[in-house]
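Here is the structure we will look at.
The values are calculated or read from the model by the stated rules, or taken from the named source; none is laboratory data. As the structure is a computational prediction, the values presented were derived from the model and not from experiment. Positions of Cβ are backbone-derived with ideal geometry, glycine not excepted, and every protein chain shown enters the neighbour counts. With ligands, DNA and RNA removed, areas are computed over all heavy atoms of the protein, side chains included. Shrake-Rupley method; radii C 1.70, N 1.55, O 1.52, S 1.80 Å.
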Amino acid sequence: KIIGARYYVKGFQNAYGPVNATEDYLSPRDIDGHGTHTASTAAGRQVSDVAAFGGFAKGTASGGAPLARLAIYKACWAIPNQPKADGNTCFDEDMLAALDDAIADGVHILSVSIGTAKPLPFEHDVIGLAALEAAKRNILVVCSAGNSGPAPGTLSNPAPWIITVGASSLDRAFFAPVKLGNALKLIGQSVTPYKMKKMSALVYAGDVVVPGVPQNVTGQCLPGSLDPNKVKGKIVVCTRGAGLRVGKGLEVKRAGGVGFVLANAKANGNEIACDAHLLPATALTYDSGIKILEYINSTKNPMAVVSPGRTVLKYKPAPFMAGFTSRGPNVVDPNILKPDITAPGLNILAAWSEASSPSKLPEDKRSVKYNIYSGTSMSCPHVSGAAALLKAIHPDWSIAAIKSALMT
């Protein structure tokens, strides 16, 4: 299956010094989970009876092109002194060396689940420049659009010779209702299997913070923001915005909370990214989040109980575009429409590195073989796998023909 694996670290080491062995492996091996997840989505073999932590999304897993072979080029590394959940860093010179070798090695398709912080002009876009060299040799390059949506003009990888992939949802959900003391039931989603024994007091994070937390982030459960004296034994409602979703749940647990409800901000709308939290938890749409806050403000003793998640198939509406997916217009060249295509990128089950945990937080000691994760990183290899199947059926097709067939 894996017929080659290389790593590229000179750019990273030039900036940060030697790789810390506790943070990353000085080898192509994956300590993070992201590379394993994307590689298995593109070309993982069929494996029966797999599931995420807690038994979610149970069934037979398969990559898009299960008989294709994989060559791995590791050019991204753990950021020193930061949790893995904050993401990796990829230096231009390391990515360019990796892509250069991939072209020389004779790969047919390059699947690149990497984006830039902001759109780059073509002449400064290392992935785009390398992709142009690949395209000249009829090697297809598939890239993520980025996760900076829903703001306009946020797109990564805008070059016309790349297939740029946005993220959309599946017709599968993970229902985890929260029942309020007034008998109202709000259907949230979660891939957290922990059970609550009874109804508990419900509070809004903004009402239980320590003094000095800035007014604009009081409800967001950022690290160190909650007062244990006001949180212990309670369910805390946090809002999305700054900080990691899993980090918010960790903060509730640190402060002694027994449960956690994550309410979408307006920008997130009805998209719910599910996480394996460290305590009973569910996530709510923006409208349901408003309802739970209205309930808290309507009674002296708000109460609630969070149910563990369960997998639900044939969920509608589906597919819809994920709020996080980076948007056009293509600010580098408005004449070129981007993204080119969308593919499943919300709550995707795929293989995971057992050297990582499902949340990637350092406090999380759980280990899993499969994990549910979201991002245009997850949608990109769906298209790469589909392209590999087309390439196998039509070996004489140009990369433009493959792109055209996929888009139409």
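Out of region 289-299, which residues are open to solvent by 40 Å² or more (accessible area, probe 1.4 Å) and not in a loop (DSSP other than H, G, I, E, B)?
Answer for region 289-299, where residues must be open to solvent by 40 Å² or more (accessible area, probe 1.4 Å) and not in a loop (DSSP other than H, G, I, E, B): Ile290, Lys291, Leu293, Glu294, Asn297, Ser298.
Only one residue in Gly87, Gly106, Gly115 is without any contact (Cβ under 8 Å) to a residue 12 or more places away in the chain, in the same structural domain as Val165 (by the TED database) and under 26 Å from Ala355 (Cα atoms), so which one is that?
None of the other options fit; the residue is Gly87.
Out of everything in region 300-312 that is within 27 Å of the chain's Cα centre (by Cα) and not β-branched (Val, Ile, Thr), what residue ends up being least open to solvent (accessible area, probe 1.4 Å)?
Gly309
Please list, ordered by first then second residue, the pairs with beta carbon atoms under 7 Å, 6 or more apart or interchain, first in region 392-405 and more than 12 Å from Ile139 (Cα to Cα), second surrounded by 12 or more Cβ atoms within 10 Å (Cβ to Cβ) and of a type in the set (A, V, I, L, M).
The qualifying pairs are Ala405/Leu390.
Out of Thr376, Thr342, I need the residue that is of a type in the set (Ser, Thr, Tyr) and surrounded by fewer than 24 Cβ atoms within 10 Å (Cβ to Cβ). Which one? First the steps, then the outcome.
On the way: Thr376 fails: surrounded by fewer than 24 Cβ atoms within 10 Å (Cβ to Cβ).
One residue alone meets the criteria, Thr342.
Output the residues belonging to region 109-143 that are surrounded by fewer than 20 Cβ atoms within 10 Å (Cβ to Cβ) and touching a Leu at 6+ places or on another chain (Cβ under 7 Å).
Of everything in region 109-143, those that are surrounded by fewer than 20 Cβ atoms within 10 Å (Cβ to Cβ) and touching a Leu at 6+ places or on another chain (Cβ under 7 Å) turn out to be Val126, Ile139.
Would you mind finding the one in Asn330, Asn301, Asn335, Asn371 that is in the same structural domain as Lys266 (by the TED database) and either touching a residue at least 12 places away in the same chain (Cβ under 8 Å) or not acidic (Asp, Glu) (or both)?
When all the criteria are applied, what remains is Asn301.
Are there any strands (runs of 3 or more DSSP E) wholly within region 300-358 with 3 or more residues that are touching a strand residue (DSSP E or B) at 6+ places or on another chain (Cβ under 9 Å) and charged (D, E, K, R), and if so which?
none
Report yes if some residue within region 146-167 is of a type in the set (Val, Ile, Thr), closer than 20 Å to Ala71 by Cα, assigned to a loop (DSSP other than H, G, I, E, B) and open to solvent by less than 10 Å² (accessible area, probe 1.4 Å); otherwise report no.
Yes, that holds for at least one residue.
Here are some residues: Leu361, Leu349, Leu390. Which one is open to solvent by 10 Å² or more (accessible area, probe 1.4 Å), assigned by the TED database to the domain that holds Asn138 and within 24 Å of Asp171 (Cα to Cα)?
That would be Leu349, the only listed residue that is open to solvent by 10 Å² or more (accessible area, probe 1.4 Å), assigned by the TED database to the domain that holds Asn138 and within 24 Å of Asp171 (Cα to Cα).
In region 112-145, which residue that is more than 25 Å from the chain's Cα centre (by Cα) and in a loop (DSSP other than H, G, I, E, B) is modelled with the lowest pLDDT?
Pro121
Can you tell me which of Val331, Val258 is β-branched (Val, Ile, Thr) and within 30 Å of Thr164 (Cβ to Cβ)?
Val331
Which members of region 217-249 meet the condition of being within 24 Å of Ala173 (Cβ to Cβ), open to solvent by 10 Å² or more (accessible area, probe 1.4 Å) and either not assigned by the TED database to the domain that holds Asp207 or not charged (D, E, K, R) (or both)?
Passing the criteria: Thr239, Gly241, Leu244, Val246, Gly247.
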